[in-house]
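Below is one structure, written out as structure tokens, with a few remarks after it.
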Amino acid sequence: MTEPRIHWIDSHCHLDLAVFDLDRALVLKRAQALGVRQLVIPAVTRRGWSQLLHCCTASPALYPALGLHPMFQDEHTKEDLIALERALDDPTVIAVGEIGLDFHKPVPDRSTQQDFFRCQLAIAHQASLPVLLHVRKAHDVALSILRQADVCGGIVHAFNGSLQQARQYNDLGFKLGFGGMLSLPQSRKLQRLVRDLPLATLVLETDAPDLSGFGHQDQRNSPEFLPEYGRCLAQLRGLEPAALADIVCSNTCDVLRLH
């Protein structure tokens, strides 16, 4: 008897980037052959939106999100915010992202990051869309801003905060994204965290081409590795991979309103 096919959703994958230009179709084909049935493709800058949307027309498995990434704050302008409002008229766009705060380094300017974050949260609310968050070394500030905003939930991608912060995001309607970092032997704190969190709060991601997991550290990360990361999470939670996949896929579909 053959095993039932396991389906996965990559909730955060930058398949539109130039690093995939030579083999994008093959990467997608390999990922789908391994059970990755849907992929969410978030934006980083306005100049990349057109390519991203074009990339997503290649397959109904690809879902675009548009936004202005905080690490590229120096590239963003107020005109980009106006353009984002217009761009969200596209019915294929499922979320606003990748947006948020990155305080890992002194630049980009933190005050400007917060201003753009607030504006994009307001734009997402106006469009009735969830948000995909990038938050690094800034969870408490991000949570404070989110409490003052009217948001439609979303995903905190590559979450690496505390259990207390995780619960606060959950209370605001957010799921938490995990991927290849879970599989690294040195990620014991992160592994403890995912054991303690409710299953209903977890989603899977690759963040390809970045954040490659164990066995792939010297490679470009890829959505075809998502099942490996899923099996790692299943092992950490004491579940069969198929059962874990059903849960995290349902979580992703619920928060992003995927079919």
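A short reminder: the numbers here are calculations on the coordinates, not readings from a lab. Note that the structure is a prediction, hence the values are computed from the model and not measured. Heads up, the Cβs are rebuilt from the backbone with ideal geometry, glycines too, and the neighbour counts pull from every protein chain shown.
Descriptive notes on the structure:
- Charges were assigned to the Cβ only: +1 to each Lys and Arg, -1 to each Asp and Glu. The resulting dipole of the stretch 9-159 about its Cα centre is roughly 340 debye.
- Within a Gaussian network of the chain (alpha carbon springs, distance under 10 Å), most fluctuating of V107, V203, V248: V107
- Tilt relative to the chain, helix 226-237 - C-alpha long axis, 0 to 90 degrees, to 10: 80 degrees
- The chain - percent relative contact order, Cα under 8 Å, separation 6 or more: 20 percent
- About the centre of its Cα atoms, the stretch 184-259 shows a dipole size close to 320 debye [charges on the beta carbon of Lys, Arg (+1) and Asp, Glu (-1) only; nearest 20 debye].
- If R0 is taken as 35 Å, the Cβ-Cβ distance between D89 and D21 corresponds to a FRET efficiency of 0.80.
- Of the beta bridges in the stretch 8-256, as assigned by DSSP with both residues counted there, near 0 percent are antiparallel.
- Computed about the Cα centre, the dipole magnitude for the chain is approximately 580 debye when only Lys and Arg (+1) and Asp and Glu (-1) carry charge, each at its Cβ.
- Of the peptides 26-33, 177-184, 68-75, 8-15, the ranking by mean beta-carbon count within 10 Å, highest at the top, reads 8-15, 177-184, 68-75, 26-33.
- Measuring between their Cα centroids, the stretch 164-237 and the stretch 71-147 lie 22 Å from each other.
- Amide H contacts of A208 (H built 1.01 Å from N, in plane; Pro and chain starts excluded): H14 sit under 5 Å, all sequence-distant by 5 or more or on other chains.
- Comparing I82, I99, I155 in a Gaussian network model of the chain, where Cα atoms under 10 Å apart are tied by springs, the biggest mean-square fluctuation is seen for I82.
- For the options E224, E205, E98, a Gaussian network treatment of the chain with springs between C-alpha atoms closer than 10 Å singles out E224 as fluctuating the most.
- Only one residue of C232, S50, H104 has its Cα farthest out toward the positive end of the dipole of the chain, where Lys and Arg carry +1 and Asp and Glu -1 on Cβ, and that residue is C232.
- Restricting attention to the chain, lysine pairs at least eight places apart or on different chains and with alpha-carbon atoms under 28 angstrom apart total 9.
- Principal-axis tilt of helix 110-126 within the chain, Cα atoms, nearest 10 degrees: 80 degrees
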